[in-house]
Amino acid sequence: MKSIGSRITLWYAITLTATLACLFIAGHYLLERYLVKQLDELTETQFKHLAATLGRDYASLTPQVIDERIREATESASSMFYVDMHGPMTNRFFKSHNLHGMAIPDLIGEKTYSITVEGLGEVRVGEYSLQPFDVLIATPMAPVLDLMGGYRRVFFGLLGTALVLSVVIGYGLSELILKPVRVIQATALRIRSDNLAERIPVADVQDELSQLARFLNQMFDRLERSFSEIRHFAAEASHELKTPLSLVRLHMERLLVDDGLSAVQKESIVVQLEEIGRVNRIIDELLFLSRADAGAVLVDLKPQRPEQLLGAFAQDAAALAEHDGKRFEWSHHGDGSVDIDAKRIRQVLLNVLTNALKVSPRGSLVSLASTLADGLWRISLVDEGPGLSAEDCERIFDRFVRLGAESSDPRGSGLGLPISRSIVTMHKGRIWATSRDVGRGLRVVIEIPTSAG
Ligand SMILES: Nc1ncnc2c1ncn2[C@@H]1O[C@H](COP(=O)(O)OP(=O)(O)O)[C@@H](O)[C@H]1O
Ligand SMILES: [Mg+2]
């Protein structure tokens with residue numbers, strides 16, 4: 001029983017059914033007792049009737065006279081009563097015909113009792129004393145037994161119905177109880193660093209669950225505040241760093257055109273300028289990411305034919321590959337256009353391509369396959385480099401992650417793929433990497449819905 005909902009349903013069904021069962025059992029006991037008491041009263045009435053019919057002088061009568069006096073009274077009620085009258089020493093004075101000569105068993109010490117008599121079935125017996133005689137009057141239990149049997153059949157029918165009904169009602173009840181929990185769950189799942197402004201809807205009541213939702217919302221408030229502080233800090237720090245860097249660069253460029261410096265000095269300045277360029281790039285990338293986190297980067301989505309964009313990109317890609325001594329191939333299938341920000345998608349493709357070129361051996365092939373079908377533009381770029389483990393395939397999209405030997409590559413920052421992912425996400429798309437085997441190259445797949453709306 002994993003879910004609270006099913007437990008509530010179960011408890012509800014068990015409680016309801018058990019309560020009902022207890023009520024029925026108590027009802028069964030009370031009803032049976034009541035009916036048996038009625039039978040006892042019936043036999044007593046019959047006895048009084050017989051006593052009255054016998055008259056006051058009964059003690060002195062012979063069996064024949066007794067028989068004459070009460071035969072008629074007993075015969076008229078022969079389907080209801082069996083009468084067995086005997087005197088001291090058990091010599092019989094009277095037996096109703098319907099006993100067919102049998103005796104009603106006399107339980108010593110019991111005034112009323114139920115007993116099964118062969119030929120008669122179960123009977124209720126009342127023993128009355130009419131000194132010096134004992135009068136046993138029995139009446140069949142069958143009507144009571146029939147009634148109780150009917151009662152039990154109804155009971156089991158109702159119990160089954162109650163069980164089914166209580167499961168249905170219990171399920172509905174648990175859904176009702178758990179509805180606010182599900183809302184909290186769904187909202188909490190949606191709230192991530194990129195939509196921290198969302199809040200759990202709180203009902204206008206003061207119960208435990210709305211209180212919990214309020215506490216969670218307060219927690220999200222605090223989280224949102226600290227997140228935005230961090231983002232502001234990153235954005236401001238990037239800005240503050242860029243101004244002095246531009247000044248340093250300006251001064252160096254001036255020095256470079258100065259004739260008073262030696263060739264060695266000038267070479268050192270060139271190296272420094274390159275480094276400053278790299279720091280500038282990292283700052284730009286950081287600034288982009290922090291703005292993207294804050295939702296401040298807007299994509300300018302316009303319908304664009306993929307083959308057009310890829311055609312232009314392929315020219316640069318082929319040139320880059322050739323420069324590195326590698327080959328680049330591309331293909332596109334499918335007709336139609338995609339809503340994209342062409343500049344940013346180009347940035348993503350360029351980053352994925354440079355990554356692939358960086359790791360590919362000389363003379364190897366980097367191929368890009370693009371398809372447009374079923375409302376999805378899918379680009380897959382495969383290289384023949386070393387590939388990555390499944391775990392690393394996901395890790396490379398984390399910030400500042402640079403793996404393997406080329407982490408010493410001074411041009412990389414480990415921010416290219418996180419930026420790519422953030423751009424693709426802005427297009428409501430996905431980007432991921434797969435490697436069939438380490439040593440057999442990496443495949444980076446980008447999927448963008450044709451209409452991001
Ligand atoms: N095609 C690839 N094959 C193997 N490793 C790769 C590939 N593409 C990316 N990587 C790994 O992912 C890391 C992160 O890539 P990226 O975010 O673009 O940063 P950078 O290119 O600045 O190092 C790279 O440093 C590299 O280790
Ligand atoms: Mg890169």
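The values are calculated or read from the model by the stated rules, or taken from the named source; none is laboratory data. This one's a predicted model, so the numbers in the text were calculated from it and none came from an experiment. As a convention, Cβ positions derive from the backbone with ideal geometry for all residues, glycine included, and neighbour counts pool all protein chains shown. Accessible surface areas use protein heavy atoms only, side chains included; no ligands, DNA or RNA. Shrake-Rupley method; radii C 1.70, N 1.55, O 1.52, S 1.80 Å.
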Completion exercise
Placing +1 on each Lys and Arg Cβ and -1 on each Asp and Glu Cβ in region 208-293, then taking the dipole about the Cα centre, the residue among L256, L245, A234 whose Cα reaches farthest towards the positive end is A234
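For the chain, what is the calculated [θ] at 222 nm in deg cm²/dmol (nearest 500), taking -39500 (n - 2.57) for each run of four or more DSSP H residues and dividing by its residue count? Provide the component values of the computation, followed by the final result.
Working: 9 runs with 247 residues, N = 453.
One gets -19500 deg cm²/dmol as the mean residue ellipticity at 222 nm.
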Exercise for the section: Beta carbons within 10 angstrom, averaged per residue: use that to sort the peptides 344-351, 11-18, highest first. Expected result: 344-351, 11-18
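What do the square roots of 5 times the Cα gyration tensor eigenvalues come to for region 1-67, in whole Å, largest first, as semi-axes of the equivalent ellipsoid?
Numbers: eigenvalues 724, 12, 5 Å².
Square roots of five times the eigenvalues give 60, 8, 5 Å.
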Problem - Calculated FRET efficiency for the pair D392/L273, C-beta based, R₀ 30 Å, to 0.05 - result: 0.35
Completion exercise
P(r) over all Cα-Cα pairs of region 208-293, 10 Å bins from 0 to the longest distance, whole percent per bin, short to long, reads 15, 28, 20, 15, 10, 6, 4, 1
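Given the Cα-Cα distance of V401 and A296 and 0.36 nm per residue of separation, how much length would full extension add, in nm? If you can, show how the numbers build up before the last one.
Values: separation 105, 0.36 × 105 = 37.80 nm, distance 2.41 nm.
Difference between extended and current length: 35.4 nm.
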Fill in the blank from the handout: Taking Cα atoms only, helix 4-54 is inclined relative to the longest principal axis of the chain by an angle, in degrees rounded to 10, of 10 degrees
Handout entry: Residues of type aspartates and glutamates that K302 reaches as a straight line, Cα spacing below 14 Å, ignoring anything fewer than 8 places off in the same chain
Key = D339, D341
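For region 302-449, what is the percent of antiparallel DSSP beta bridges, rounded to the nearest 5?
Values: 22 of 29 bridges.
The antiparallel proportion sits near 75 percent.
With a 1.4 Å probe and all protein chains left in place, how much accessible area per residue does the chain have, in Å²?
Numbers: 26620 Å² over 453 residues.
It amounts to 59 Å² per residue over the chain.
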Problem - Cα radius of gyration and Dmax for region 228-356 (Å) - result: 19.9, 61
Practice task
Mind giving me the nanometre distance, one decimal, between the label points for A52 and L365, set 7 Å out from Cα along Cα→Cβ?
Solution key: 11.9 nm
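Could you compute the FRET efficiency for I177 and S228, with r as their C-beta to C-beta distance and R0 at 35 Å, rounded to 0.05?
Numbers: r = 36 Å, r/R0 = 1.03.
With R0 = 35 Å, the Cβ-Cβ based efficiency is 0.45.
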Problem - Per-residue ³J(HN,Hα) for region 196-208, Karplus 6.51 cos²θ - 1.76 cosθ + 1.60, θ = phi - 60°, Hz, x for Gly and Pro - result: 5, 7, 6, 10, 6, x, 10, 5, 7, 10, 10, 9, 4
Practice task
Give me the angle, in degrees from 0 to 90, between the Cα long axis of helix 306-323 and the longest principal axis of the Cα atoms of the chain, rounded to the nearest 10.
Solution key: 50 degrees
Fill in the blank from the handout: Zone reached by a paramagnetic label modelled 7 Å from E329 Cα along Cα→Cβ, restricted to region 353-379 with backbone N below 15 Å, covers 363-370
Problem - Descending semi-axes in whole angstrom, ellipsoid equivalent of the chain, from the Cα gyration tensor - result: 106, 25, 18
Exercise for the section: In nm, give the distance between the simple-model label positions of K37 and H239, each being 7 Å from the Cα along the Cα-to-Cβ direction. Expected result: 9.3 nm
Fill in the blank from the handout: Nearest 10, in degrees from 0 to 90: the angle of helix 342-359 to the longest Cα principal axis of the chain is 80 degrees
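Assuming 0.36 nm per residue, please report the length gained on full extension of the stretch K343 to Y151 beyond their Cα-Cα distance. Mind showing how you got there, number by number?
Details: separation 192, 0.36 × 192 = 69.12 nm, distance 8.24 nm.
So the extension gain works out to 60.9 nm.
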Problem - Inter-site label distance for E72 and L376 at 7 Å from Cα along Cβ, in nm - result: 10.3 nm
Fill in the blank from the handout: Sorted largest first, the Cα spans of region 311-453 on the principal axes come out in Å as 41, 29, 27
Handout entry: HN-Hα J in Hz across region 210-217 - Karplus 6.51, -1.76, 1.60, θ = phi - 60°, x for Gly and Pro
Key = 5, 5, 4, 4, 5, 4, 4, 4
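For region 295-453, with all protein chains present and a 1.4 Å probe, just round the carbon and sulfur fraction of the accessible area to a whole percent. Could you put the intermediate results ahead of the total?
Values: 4120 of 8050 Å².
So the carbon and sulfur contribution to the accessible surface is 51 percent.
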